[in-house]
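Each reported figure results from applying straightforward, stated rules to the coordinates on display, with no laboratory input. As the structure is a computational prediction, the values presented were derived from the model and not from experiment.
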Amino acid sequence: MNWDEALFRAINGLAGQSATLDWFALTLSNAGLLWVPGILLSGYWLWLSWREALLAAPLLAASIGLLDFVGARIKDFVARPRPCMVLSDIQHIEACGKVFGFPSNHAINTATAAAFLHVLYPRSGWISWPLVGLIGLARVFIGAHYVTDVVGGWLIGGLCGAGAAWALKQWPRFRKKEIQSVSQTDAGVPIRS
C-alpha cells in the first residue's frame, strides 16, 4: 500500500462512524449546493462593488467552466480509477460516480474560485480557503477521490484562478487608479499668497 492509499484509508475510515459527519461530507460534496454560496457571494459582490462584479464575475464563471472541461479531459488522459472503483473494502456513502478520479473537479472548481477572489480581495481567503479544504476532504471522506486527486485539482484550479484574476487586475479599466493631485501644502511646500 502506497502513502496515498494509506492516507485515503485513514480519512475514508472515518466514514460511517457518525451520521452527522456523513451528512456533512455528503452536503459538501453536492455540487448543486455550491450555487448557494455562489449566489450569496454574487449578491454581496454586487453590493460591495457592482462595477467590479460585472467585469470580474463573467471571467470567474468562464474560468470555472473552462477548467471544469479541462479537468474532465485530464481525467480521460490520465485514466486513474477512483478509489471506490478499485478498493472493495472502503466506506462509500454515496454512488461512486464516473470511472476516473484525477484530478478532482470539485477541487479544481472551488480552488479556481477561491484563488480568483483571493487575488482580487485578499481578505476573502479566511472564508474561501477553509471551505475549499473541507470540500476536498469530504471528497476523500466519501470515497470518491484519493488525496492526490484533490491536491492536483487544488493546484490546477488555484494557479489558473489566481492567474486569471492577476490578468484582470492588469487591465487598466478594471480598477481605475485614482490619481490624486498633490497640492503644494501636501508636499510640504508652503503656498505663497
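At-a-glance table
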| read-out | value |
| --- | --- |
| Span from the the stretch 69-106 Cα centroid across to the the stretch 113-179 one, whole angstrom | 22 |
| Gaussian network model of the chain, Cα within-10 Å springs - most flexible of 36, 70, 99 | 36 |
| Rg/Rh (Cα only; Kirkwood hydrodynamic radius) as it applies to the chain | 1.16 |
